[in-house]
Amino acid sequence: MNIYEELKARKLIFQETEGAAEALAKPTVMYAGFDPTGPSLHVGHLLPLLSLIRLAKAGHKPIALVGGATGLIGDPSGRKSERVLNTEETVRGYVESIRGQIERIAGDYEIKVLNNYDWFGKVSAIEFLRDIGKYFSVTAMMAKDSVKSRIGREDGGISYTEFSYQLLQSSDFYYLSENYDCAMQVGGADQWGNMTGGMEFTRRRSGKQLNVITFPLVTTAAGVKFGKSEGNAVWLDPEMTSPYALYQYFVNSDDRDVIRYLLNFTFLTLDEIAELANKVETAPERREAQQALAYAMTEIVHSKADADNVVAASKALFGGSDLREVDLKTLLQAVESAPAISYGSVDDVPGIMTLCAESKLLASKSEARRQIPAGGVYINNERVSDIDYQPSAKDFIGGKIMLLRRGKKSYAVVRIGD
């Protein structure tokens, strides 16, 4: 199976130009663009990034283009209003952060990372209008969906700045074709107009015939945009979305979505995915496909060690194994959303009944008096039955935290110090 057939089998090709399959039959330079609209990429960016890695594995020569220039302008695609323009310093910081993420995730696979500010930063207004603008019809530009949807709106429509975005993106394709022999652009389906615009601009200016492939826009079976969790993006930066939170995002995938995600995002073979699809049908309660997806994505985005730590933490929290064997950092990530209470030192920690009430694990000391002898309260997965139990230093994992648990899934975190 060649790379074009594999992309088809993995349902990764949504639209393509006529020569795309032929272009992929030999080593080809292609690129995908990533605009630095924030300090981190999110999981929605993984489809083009991981596709570049697939193409690199197949012998092609991918370029990840970080839009240090286009990020200063703002892509109007899919937006109802103008973006707030970031400062040049802010965008430069975003570019370097995203460059590091791409290089980290790509690992040993060679993906060249470029910044389009390196060439656009030298273009004067006169050069932009004469050498780029003269190749574009305003009529055609206004026919783009990203523009049509904004024209005539009472809030101001679209500025000339965002209206001109498509010229910058189109000229990226031309520049890369001239200077890096780039012959293809890949990206999301919402970028088809901008991408084919670049292809047409290059044909008019240099006579070269380029190609485009778009990937499907990924949504959940419930119609929610992929990568969104309760209104917040799932980031690739571990400081913004921890490896544990990333794992949980994927392990909670709907049965209707999980096989599509395995096809689109992981490097598991088609046979391995078919076997997991069968398990979704025959034993959905075991959630083996979700676990395989979550592990693979945590390993890809972060590392195998992080993925192993997250699995160990999950088993300890929900399987009752020894919490002391879990990496402390991962354990803290796992319980970051749980109610927490802090004390200055171990000597300040009250007895178990008072602790249950003060930590909000239980509603009151009276309820604690009933629940503890009944075996409903645990410290670090060990049942506590003595209502007079006094926690001590040995109960604090790493000398820092102790986990109180009621039942199977209700936690409170007790911290010592800051």
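The values are calculated or read from the model by the stated rules, or taken from the named source; none is laboratory data. It should be emphasised that the depicted structure is a prediction, and the values quoted were computed from it without experimental measurement. Quick reminder, even Gly has a Cβ in these numbers, built from the backbone with ideal geometry, and neighbours come from all protein chains shown.
If I ask for residues that are in contact with a Lys or Arg (Cβ under 6 Å, 6 or more places away or on another chain) and either crowded, with 18+ Cβ neighbours inside 10 Å or assigned to a helix (DSSP H, G or I) (or both), which ones from segment 121-170 would you list? Outline the logic, then answer.
Restricting attention to segment 121-170, the residues satisfying the condition of being in contact with a Lys or Arg (Cβ under 6 Å, 6 or more places away or on another chain) are 135, 157-158.
Those that are in contact with a Lys or Arg (Cβ under 6 Å, 6 or more places away or on another chain) and either crowded, with 18+ Cβ neighbours inside 10 Å or assigned to a helix (DSSP H, G or I) (or both): 135, 158.
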* Asked: residue 39 versus (1) more than 30 Å from residue 92 (Cβ to Cβ); (2) in contact (Cβ under 8 Å) with a residue 12 or more places away in the chain: which is the lone unmet condition?
  -> (1)
* Structure fact -> The lone condition residue 202 fails out of (1) surrounded by 19 or more Cβ atoms within 10 Å (Cβ to Cβ); (2) assigned to a helix (DSSP H, G or I); (3) touching a residue at least 60 places away in the same chain (Cβ under 8 Å); (4) not assigned by TED's automatic domain parsing to the domain that holds residue 295 is (3)
* So which of 312, 368, 296 ends up being within 30 Å of residue 261 (Cα to Cα) and in contact with a Leu (Cβ under 8 Å, 6 or more places away or on another chain)? -> 296
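Residues checked against (1) under 13 Å from the mean Cα position of the chain (by Cα); (2) of a type in the set (D, E, K, R); (3) within 26 Å of residue 275 (Cβ to Cβ); (4) not in a helix (DSSP H, G or I):
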{"residue": "214", "(1), (2), (3), (4)": "no, no, no, yes"}
{"residue": "217", "(1), (2), (3), (4)": "no, no, no, yes"}
{"residue": "237", "(1), (2), (3), (4)": "yes, yes, no, yes"}
{"residue": "241", "(1), (2), (3), (4)": "yes, no, no, yes"}
{"residue": "247", "(1), (2), (3), (4)": "yes, no, yes, no"}
{"residue": "258", "(1), (2), (3), (4)": "no, no, yes, no"}
{"residue": "263", "(1), (2), (3), (4)": "no, no, yes, no"}
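Go through 403, 362, 317, 332 for me and flag whichever is in a helix (DSSP H, G or I), closer than 30 Å to residue 241 by Cα and either touching a helix residue (DSSP H, G or I) at 6+ places or on another chain (Cβ under 8 Å) or small (Gly, Ala, Ser) (or both).
Details: 403 fails: in a helix (DSSP H, G or I); 362 fails: in a helix (DSSP H, G or I); 332 fails: either touching a helix residue (DSSP H, G or I) at 6+ places or on another chain (Cβ under 8 Å) or small (Gly, Ala, Ser) (or both).
Result of the check over 403, 362, 317, 332: 317.
Quick grid of which residues meet (1) touching a Pro at 6+ places or on another chain (Cβ under 6 Å); (2) over 18 Å from residue 411 (Cα atoms); (3) in the same structural domain as residue 107 (by TED's automatic domain parsing); (4) at pLDDT 95 or above:
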site: 270; (1), (2), (3), (4): no, yes, no, yes
site: 279; (1), (2), (3), (4): no, yes, no, yes
site: 293; (1), (2), (3), (4): no, yes, no, yes
site: 299; (1), (2), (3), (4): no, yes, no, yes
site: 319; (1), (2), (3), (4): no, no, no, no
site: 322; (1), (2), (3), (4): no, no, no, no
site: 325; (1), (2), (3), (4): no, yes, no, no
site: 346; (1), (2), (3), (4): no, yes, no, no
site: 361; (1), (2), (3), (4): no, no, no, no
